[in-house]
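Asks: Submitted below is the structure of interest, expressed as structure tokens.
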Amino acid sequence: MNQTAPDDPDQFAILATALTRRFGTLTAVDHIELQVAYGEIFGLLGANGAGKSTMIKMLTTLLPPTSGSAQVGGFDIIKSPGEVRRRIGYVSQLLSADGALTGFENLLLSARLYGLHGSESRSRIDDALNFMGLADSAKKLVKTYSGGMIRRLELAQAMLHRPAILFLDEPTIGLDPVARHTVWDRLLDLRHSYGMTVLITTHDMEEAEMLCDSLAILHAGKISVIGKPAELRSGLGDEATMDDVFAHYAGGSIHESGTFSDVAKTRRTAQRLG
Ligand SMILES: Nc1ncnc2c1ncn2[C@@H]1O[C@H](COP(=O)(O)OP(=O)(O)OP(=O)(O)O)[C@@H](O)[C@H]1O
Ligand SMILES: [Mg+2]
């Protein structure tokens, strides 16, 4: 097991209270209340610009909130950012591995960042490479990797220090179905082997349904619904798909002015679903 298991089993892995982030006049995340239990795979869905990445950046201590608060791994993101960082792993929305280095060298950098040294560092890196199916490619430059291999390398980097909580911002974007399923299998293994909690954002409704225990759908910085995937579907009718759930709760697309015009679309969906 990892060394970061909670002292209090009733504690939440992630607990956000009125968490808010403004950029000028735009409120990107608006008084969000969120509770994620330890061991849960929790999906954050929402249209482009809904506030998912902003939410993750605050929870990973990369961006200060404008107001409100959150605890991650039992520690306050503002008062104890170091304690939070020790307990989390983060895979950003943009590819972050260094193409000019090999997979092994990228992992070595992450190991140093997390304070792992010597034989412990080496064995964790070997474990992570095997776990992610990258042992044979470890000595190749990352710029020769496929997108799926890079994503798996980034997951390996994020899990090296066996974090209690993993934050993954669109981890499977652009991956082919086989690579996507490999990433899902690895995430389920991580939860099974280490009891890891995972907060994941995705635009892939199959991923949301297959992988996530619970989902929150964000719309313009607010949570419009939280529930288990099957409950969210059945709430809209017997025939409803996850795409219907998304269309119903996530609103429409954003205009260039940054305003939403989703009312008509939501009404149409509501009529269609009865
Ligand atoms: N640093 C910033 N400065 C100004 N506005 C920002 C900044 N970061 C995000 N925003 C704005 O905040 C809103 C939420 O952005 P965010 O990146 O959180 O959305 P998202 O849900 O992750 O979208 P996507 O699905 O496209 O990744 C958007 O309107 C975005 O333009
Ligand atoms: Mg994003």
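The values are calculated or read from the model by the stated rules, or taken from the named source; none is laboratory data. Keep in mind it's a predicted model, so treat the numbers as computed, not measured. Here the Cβ is made from the backbone with ideal geometry for all residues, glycine too, and neighbour counts use every protein chain on show.
Asks: Could you please tell me which pairs satisfy a Cβ distance under 7 Å, a separation of 6+ or placement on different chains, a first residue in segment 164-176 that is under 19 Å from LEU62 (Cβ atoms), and a second residue that is of a type in the set (D, E, K, R)?
Replies: Partner pairs satisfying both residue conditions: ALA164/ARG87; ILE165/ARG87; PRO171/ARG151.
Each row is one residue, and each column tells you yes or no for (1) out of contact with any His (no Cβ under 7 Å at 6 or more places or on another chain); (2) of a type outside the set (A, V, I, L, M, F, W, C); (3) more than 30 Å from VAL29 (Cα to Cα).
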position: GLY73; (1), (2), (3): yes, yes, no
position: SER92; (1), (2), (3): yes, yes, no
position: LEU95; (1), (2), (3): yes, no, no
position: ASN130; (1), (2), (3): yes, yes, yes
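Asks: While we're here: Would a scan of segment 76-88 turn up a residue that is modelled with pLDDT under 95, of a type in the set (Gly, Ala, Ser), surrounded by 16 or more Cβ atoms within 10 Å (Cβ to Cβ) and more than 16 Å from ligand 1 (Cβ to nearest atom)?
Replies: no
Asks: Looking at segment 175-208 only, could you name the residues that are among the charged types (D, E, K, R) and touching a Lys or Arg at 6+ places or on another chain (Cβ under 8 Å)? Spell out the reasoning first.
Replies: Of the residues in segment 175-208, the ones among the charged types (D, E, K, R) are 176, 180, 185-186, 189, 191, 204, 206-207.
ARG186, ASP204, GLU207, listed by residue number.
Yes/no per residue for (1) of a type in the set (D, E, K, R); (2) surrounded by fewer than 15 Cβ atoms within 10 Å (Cβ to Cβ):
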{"position": "SER119", "(1), (2)": "no, yes"}
{"position": "SER146", "(1), (2)": "no, yes"}
{"position": "VAL183", "(1), (2)": "no, no"}
{"position": "ASP213", "(1), (2)": "yes, no"}
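Asks: A further question on this structure: Might you let me know whether segment 89-97 holds any residue that is touching a Leu at 6+ places or on another chain (Cβ under 7 Å) and within 16 Å of ligand 2 (Cβ to nearest atom)? Outline the logic, then answer.
Replies: Of all residues in segment 89-97, those touching a Leu at 6+ places or on another chain (Cβ under 7 Å) come to 89, 91, 97.
Those left that are additionally within 16 Å of ligand 2 (Cβ to nearest atom): 91.
Among the residues of segment 89-97, at least one is touching a Leu at 6+ places or on another chain (Cβ under 7 Å) and within 16 Å of ligand 2 (Cβ to nearest atom), which makes the answer yes.
Asks: Criterion first (at pLDDT below 95 and assigned to a helix (DSSP H, G or I)) does ALA97 satisfy it? Explain how you work it out, then say what you get.
Replies: Working: at pLDDT below 95: yes; assigned to a helix (DSSP H, G or I): no.
Criteria not met by ALA97.
Asks: Also: Can you find even one residue in segment 61-77 that is within 16 Å of ligand 2 (Cβ to nearest atom) and of a type in the set (S, T, N, Q)?
Replies: Taking segment 61-77 as the starting set, the residues that turn out to be within 16 Å of ligand 2 (Cβ to nearest atom) are 62-63.
If we keep only those that are of a type in the set (S, T, N, Q) too, we end up with none.
No.
Asks: Just checking, how many residues over segment 77-99 are of a type in the set (Ser, Thr, Tyr) and more than 24 Å from GLY195 (Cα to Cα)?
Replies: Going residue by residue through segment 77-99, those that are of a type in the set (Ser, Thr, Tyr) are 80, 90, 92, 96.
If we keep only those that are more than 24 Å from GLY195 (Cα to Cα) as well, we get 96.
Final tally of qualifying residues: 1.
Asks: Quick one: what pairs do we get from segment 31-49, first residue at positive phi, second outside any strand (DSSP E or B), C-beta under 7 Å, 6+ apart or different chains?
Replies: GLY39/ARG191; GLY39/GLY195; GLY46/LYS52; GLY46/ALA250
Asks: Can you confirm whether segment 40-50 contains a residue that is more than 18 Å from the chain's Cα centre (by Cα) and more than 13 Å from ligand 2 (Cβ to nearest atom)? Outline the logic, then answer.
Replies: The first filter runs over segment 40-50 and keeps only residues more than 18 Å from the chain's Cα centre (by Cα), leaving none.
There is no residue in segment 40-50 that is more than 18 Å from the chain's Cα centre (by Cα) and more than 13 Å from ligand 2 (Cβ to nearest atom).
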